[in-house]
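Heads up: the structure comes next, in structure tokens.
The values are calculated or read from the model by the stated rules, or taken from the named source; none is laboratory data. What you see is a predicted model; the values in this text were computed from it and never measured. When we count neighbours, we look across all protein chains shown, and the Cβ atoms used for this are built from the backbone with ideal geometry, even at glycine.
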Amino acid sequence: MNYLEILTSLVSAMTVSGFEKVSSESLCRLLCRFDFDSVSCDRLGNIIIRKSPELQKSAIVLDAHLDEIGFRVREICGSLLRLSPVGGIDTVILPASEVTVHGKRDLLGVFSLPDGEGEVKLDSLFVDPGLSEDELKKVVSIGDGVSFRAPITQMINSRLVGRAFDDKALAAALICAVAEVPRSELAFDVHLIISTREEIGGAGAAYAALCADPVGAVICDVNFAASPGISEDESGKLGGGPMVSLSAVTDREMTDAILAIADKNSISVSPVVESTSTGTNASHVYVAGHGIPCAVVSMPEAGMHTASECISTRDAESLIRLIKLTVCDVPLAESLTKREVAFNV
Amino acid sequence: MFDFSLLRRLATASSPAGNENAVREIIVSRLTELGLPASLSPDGSVASVIRSSDPSAQSLMLQAHTDEVGFMVKSHTEDGYLKLAPLGIRDSRLLTGRRVTVMGKNGLLSGFIGAVPIHLSKNNKKIPQYSDLYADIGTETKEEAEELAPIGSFGCFTSNFETFGADNGYIKSKALSGRAACAVLLEIAKHFSSQNTSLPFNLYFAFSPRGKVTLSGGSALYSRLKPDALVSVCAFEIPYDASCFSVSGAAVPMMEEKYPLDASLASQLRLAFTEKKILSDIPPTSEGEECEFDIIRLKAAGARVAAIKLPVKNRNTASELMRCDVISSVTDALVSILPRLKI
């Protein structure tokens, strides 16, 4: 099981929010070769991976999102394209940035330089795919998806830099964790959801979690890495291990249990206070169906929402260990199941 | 056939202004392969020559720049980030979030320019200043950063050299416009080094450093070799709202700012480019070029100067765009006109 191989496959897939279905079926086929009970794709494009223990146990949802920020083609202006954003795009990074335009075939396109100085407005940037107007109109249609284009590069100190690591770095870690964990040790019936539409609201995870009817969910996403301009108390150190959210929208008992598992097994983790919002799928999963207790476990990432998102593979290794231990933790499973059974009104 | 593999090697070499060694080595190696002399001048220029069989012949110099935009490491933060001083990058917006290569003490280091995530900067949408920017090369402490990338280390953009667009006839790369000019000169050198026909003049090739920071550029070799005329091959910027598809030729200006260029040379080049249907006008909104500074300096030194400007989009960024057919057509046109050029 190679983390980098899985991450590379996920990052190569076109998954701009709303377009996940384009890739989710081929990713399902790819994931079938691992030790899972089933890999399927639901009607929203969420990838659902099941791994069940030998005896029937309560379900737990593990979630990381498949979708990524990007664009849609808004207008074809002669030989150039004008785009609309999908998700939180920082226009400052766009001048001369490279994108892939997913038309009838994939095209390399490059954003123009901005007109004048000051704030960069997406309206004044054009993407040049190097085609005549006639050819461009044959290949590209209004509404087509556009994603950032950048290779994965290894840096020193176990760092990787690439595009769309938000949240594929976590999705790859969860896939590794669930594939590696022995069935005989599972304390839960594991539903791993590689969810859609997180960058535009979280509808994918909420729907898939509801279908799984779990006693709890661990939501995994990137978080801010400590770097210049970001305060220490809202960020984690790259290479310093996973981050665990302390928030009003996460379940404190579940969170404490995960922190205790990390402590007991000498896995370095950093608690981070995100009082009213974790900025993850937790906000939507927590209120899905009858309500699902959530914990949020994240990995620090530098350069979030740029084509140069940077993570540490040391953090990914720690996260894989932590998740494997969590889904095998009998006291946590008993506690979450007991809470569900206790509700008998 | 134009050698685009050589252009790929030139464009992907890391050679920011002030540290052009990597490109210089490729040029020297190529000139040597062609059986031509390759002399290094103290300022870092490379010169070569194809001599006429006429000992009293005049001389013409073709000139291009070897450098690219980049940065120098100015200082290190306590947590291992590199603070930067730009080299010819005109706008901090072109650095933010970009992949870079830092030429460290023990070799090249991959990194990127950090940015505060949009989630945290929503209410503060100001453009970052150079002083806000930093390179992240993965070092975790000040000591480690100082050891691997000491103050003064050079850096430049990292960007793949890729063909794209109609018939894969376009190139996207960093450092493209300057290196395309170098490749044009090397292609001309290849042609005339393998021909028995004698040129009516000595043909000098000048590959000059530090054009992006407007320092020595071409004027140093001009002073040394004193050619009778000089043609500078450089670039002009395709405006932001025009496609690179729309510009199918190079420009041969008659003026550079307020300075008239050599009318005879420019007219002959314009006629040759018109015949080949590759003469383009520089759009009025085009940005200034580094060869202006050279040309102004050369004019001051009394040189007869003309300029050929190749069209480039997103000049001096990580993703410059050029048309392959323009590069090869300009080379062909120069090969065709040079034997009959009156200097």
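Taking region A:24-43 as the region of interest, how many residues are more than 14 Å from A:ILE6 (Cβ to Cβ), more than 20 Å from the chain's Cα centre (by Cα) and part of a loop (DSSP other than H, G, I, E, B)?
The number of residues fulfilling the criteria is 1.
For region A:86-103, name all the residues that are buried (at least 19 other Cβ atoms within 10 Å of the Cβ) and either of a type outside the set (Val, Ile, Thr) or assigned to a helix (DSSP H, G or I) (or both). Explain how you work it out, then say what you get.
Applying the first criterion (buried (at least 19 other Cβ atoms within 10 Å of the Cβ)) to region A:86-103 yields A:86-87, A:89-103.
Result: A:GLY87, A:ASP90, A:THR91, A:VAL92, A:ILE93, A:LEU94, A:PRO95, A:ALA96, A:SER97, A:GLU98, A:HIS102, A:GLY103.
Could you tell me which numbered condition B:SER39 fails, if it satisfies all but one of (1) touching a residue at least 60 places away in the same chain (Cβ under 8 Å); (2) more than 10 Å from chain A (Cβ to nearest Cβ)?
Here B:SER39 meets the rest and fails (1).
Name the single residue, out of those in region A:285-304 being away from chain B (no Cβ under 14 Å) and of a type outside the set (A, V, I, L, M), that is farthest from B:PRO117 (Cα to Cα).
A:HIS290
Within the set of pairs 6 or more residues apart or between chains, which connect a residue that is closer than 13 Å to B:CYS324 by Cα inside region B:1-22 to a residue that is in a loop (DSSP other than H, G, I, E, B) and at pLDDT 95 or above with Cβ atoms less than 6 Å apart?
B:ARG8/B:PHE161
Return a yes/no flag: does region B:59-68 have any residue that is touching a Ser or Thr at 6+ places or on another chain (Cβ under 6 Å), surrounded by fewer than 23 Cβ atoms within 10 Å (Cβ to Cβ) and either free of Cβ contacts under 8 Å to residues at least 24 places away in the same chain or part of a strand (DSSP E or B) (or both).
Within region B:59-68, none of the residues are touching a Ser or Thr at 6+ places or on another chain (Cβ under 6 Å), surrounded by fewer than 23 Cβ atoms within 10 Å (Cβ to Cβ) and either free of Cβ contacts under 8 Å to residues at least 24 places away in the same chain or part of a strand (DSSP E or B) (or both).
Looking at this structure, is B:ILE151 touching a strand residue (DSSP E or B) at 6+ places or on another chain (Cβ under 6 Å), at the interface with another protein chain (Cβ under 7 Å from one of its Cβ atoms) and hydrophobic (A, V, I, L, M, F, W, C)? Reasoning before the result, please.
Numbers: touching a strand residue (DSSP E or B) at 6+ places or on another chain (Cβ under 6 Å): yes; at the interface with another protein chain (Cβ under 7 Å from one of its Cβ atoms): no; hydrophobic (A, V, I, L, M, F, W, C): yes.
Here the answer is no, as B:ILE151 does not meet what is asked.
For region B:57-68, check the following and say yes or no: at least one residue is charged (D, E, K, R) and within 18 Å of the chain's Cα centre (by Cα).
Looking only at region B:57-68, we keep the residues that are charged (D, E, K, R), and these are B:67-68.
The next check asks that each one be within 18 Å of the chain's Cα centre (by Cα); those that pass are B:67-68.
Yes, there is a match, as at least one residue in region B:57-68 is charged (D, E, K, R) and within 18 Å of the chain's Cα centre (by Cα).
Just checking, which of B:PHE192, B:PHE164 is aromatic (Phe, Trp, Tyr) and closer than 29 Å to B:GLY97 by Cβ?
Selected residue: B:PHE164, the only one of B:PHE192, B:PHE164 that is aromatic (Phe, Trp, Tyr) and closer than 29 Å to B:GLY97 by Cβ.
Suppose we keep only residues that are in a loop (DSSP other than H, G, I, E, B) and farther than 21 Å from B:PRO128 by Cβ within region A:104-128. Which one would you say is nearest to the other protein chains (Cβ to nearest Cβ)?
The selected residue is A:PHE126.
Select the strands (runs of 3 or more DSSP E) contained entirely in region B:155-215, then report the ones holding at least 1 residues which are in contact with a helix residue (DSSP H, G or I) (Cβ under 8 Å, 6 or more places away or on another chain), β-branched (Val, Ile, Thr) and within 14 Å of chain A (Cβ to nearest Cβ).
Passing ranges, in order: B:162-164, B:170-173.
Could you grab the pairs with beta carbons closer than 6 Å, sequence gap of 6+ or different chains, first residue in region A:199-220 and more than 20 Å from A:SER52 (Cβ to Cβ) and outside the structural domain of A:ALA288 (by TED's automatic domain parsing), second one buried (at least 22 other Cβ atoms within 10 Å of the Cβ) and of a type outside the set (A, V, I, L, M, F, W, C)?
Pairs found: none.
Here is a check on your reading of the model: is B:ASP136 within 13 Å of another protein chain (Cβ to nearest Cβ), in contact (Cβ under 8 Å) with a residue 12 or more places away in the chain, crowded, with 18+ Cβ neighbours inside 10 Å and in contact with a strand residue (DSSP E or B) (Cβ under 7 Å, 6 or more places away or on another chain)? Outline the logic, then answer.
Numbers: within 13 Å of another protein chain (Cβ to nearest Cβ): yes; in contact (Cβ under 8 Å) with a residue 12 or more places away in the chain: yes; crowded, with 18+ Cβ neighbours inside 10 Å: yes; in contact with a strand residue (DSSP E or B) (Cβ under 7 Å, 6 or more places away or on another chain): yes.
Judged against the criteria, B:ASP136 is a match.
Do we find a residue being in a loop (DSSP other than H, G, I, E, B), in contact with a strand residue (DSSP E or B) (Cβ under 8 Å, 6 or more places away or on another chain), hydrophobic (A, V, I, L, M, F, W, C) and buried (at least 16 other Cβ atoms within 10 Å of the Cβ) anywhere in region B:245-255?
yes
Taking the criterion of being away from chain B (no Cβ under 14 Å), of a type outside the set (Lys, Arg), surrounded by fewer than 24 Cβ atoms within 10 Å (Cβ to Cβ) and without any contact (Cβ under 8 Å) to a residue 60 or more places away in the chain, would at least one residue in region A:164-186 satisfy it?
Yes, the conditions are met somewhere in region A:164-186.
Which ones in region A:134-144 are surrounded by fewer than 23 Cβ atoms within 10 Å (Cβ to Cβ) and under 12 Å from A:GLU75 (Cα atoms)?
A:LYS137, A:SER141, A:ILE142, A:GLY143, A:ASP144, listed by residue number.
Out of B:GLU187, B:GLU146, which single residue is in the same structural domain as B:VAL46 (by TED's automatic domain parsing), among the acidic types (Asp, Glu) and out of contact with any Pro (no Cβ under 6 Å at 6 or more places or on another chain)?
B:GLU187
Which residue is surrounded by the most Cβ atoms within 10 Å (Cβ to Cβ), if the candidates are limited to region B:77-99 and must be among the hydroxyl-bearing types (Ser, Thr, Tyr) and in contact with a helix residue (DSSP H, G or I) (Cβ under 6 Å, 6 or more places away or on another chain)? Don't jump to the end; show me each part of the working.
Start the filter on region B:77-99 by keeping residues that are among the hydroxyl-bearing types (Ser, Thr, Tyr), which leaves B:77, B:81, B:92, B:96.
Then keep just the ones that are in contact with a helix residue (DSSP H, G or I) (Cβ under 6 Å, 6 or more places away or on another chain); that gives B:92, B:96.
Values: B:SER92: 18, B:THR96: 26.
Ranking the candidates gives B:THR96 first.
Which condition does B:ARG30 not pass, out of (1) surrounded by fewer than 20 Cβ atoms within 10 Å (Cβ to Cβ); (2) out of contact with any Phe, Trp or Tyr (no Cβ under 6 Å at 6 or more places or on another chain), if it passes all the others?
Unmet condition: (1).
If you check A:GLU5, A:GLU54, which single one turns out to be surrounded by fewer than 19 Cβ atoms within 10 Å (Cβ to Cβ), acidic (Asp, Glu), in contact (Cβ under 8 Å) with a residue 12 or more places away in the chain and farther than 24 Å from A:THR280 by Cβ?
A:GLU54
Residue check, B:ARG179 against (1) in contact (Cβ under 8 Å) with a residue 24 or more places away in the chain; (2) surrounded by fewer than 24 Cβ atoms within 10 Å (Cβ to Cβ), all met but one. Which one?
(2)
Give the residue, chosen from B:SER15, B:SER53, that is in the same structural domain as B:VAL231 (by TED's automatic domain parsing) and closer than 29 Å to B:PHE236 by Cβ.
Exactly one of B:SER15, B:SER53 is in the same structural domain as B:VAL231 (by TED's automatic domain parsing) and closer than 29 Å to B:PHE236 by Cβ, namely B:SER15.
Scan region B:100-132 residue by residue and report those that are facing another protein chain (nearest Cβ under 10 Å), surrounded by fewer than 21 Cβ atoms within 10 Å (Cβ to Cβ) and outside any loop (DSSP other than H, G, I, E, B).
Result: B:SER110, B:ILE118, B:HIS119, B:LEU120, B:SER121, B:ASP132.
Looking at region A:250-315, what strands (runs of 3 or more DSSP E) fall wholly within it and have at least 2 residues that are surrounded by 20 or more Cβ atoms within 10 Å (Cβ to Cβ)?
In region A:250-315, A:294-301, A:309-312 are the strands (runs of 3 or more DSSP E) which contain 2 or more residues that are surrounded by 20 or more Cβ atoms within 10 Å (Cβ to Cβ).
Please go through region A:44-59 and give me each residue that is among the aliphatic types (A, V, I, L, M) and within 18 Å of the chain's Cα centre (by Cα), ordered by number. If you could, list the steps in order and put the result at the bottom.
If we filter region A:44-59 for residues that are among the aliphatic types (A, V, I, L, M), which is where we start, we get A:44, A:47-49, A:55, A:59.
Answer for region A:44-59, where residues must be among the aliphatic types (A, V, I, L, M) and within 18 Å of the chain's Cα centre (by Cα): A:LEU44, A:ILE47, A:ILE48, A:ILE49.
Of the residues A:VAL146, A:VAL161, which is in contact (Cβ under 8 Å) with a residue 12 or more places away in the chain, within 7 Å of chain B (Cβ to nearest Cβ) and in a strand (DSSP E or B)?
Numbers: A:VAL146 fails: within 7 Å of chain B (Cβ to nearest Cβ).
After ruling out the rest, the residue left standing is A:VAL161.
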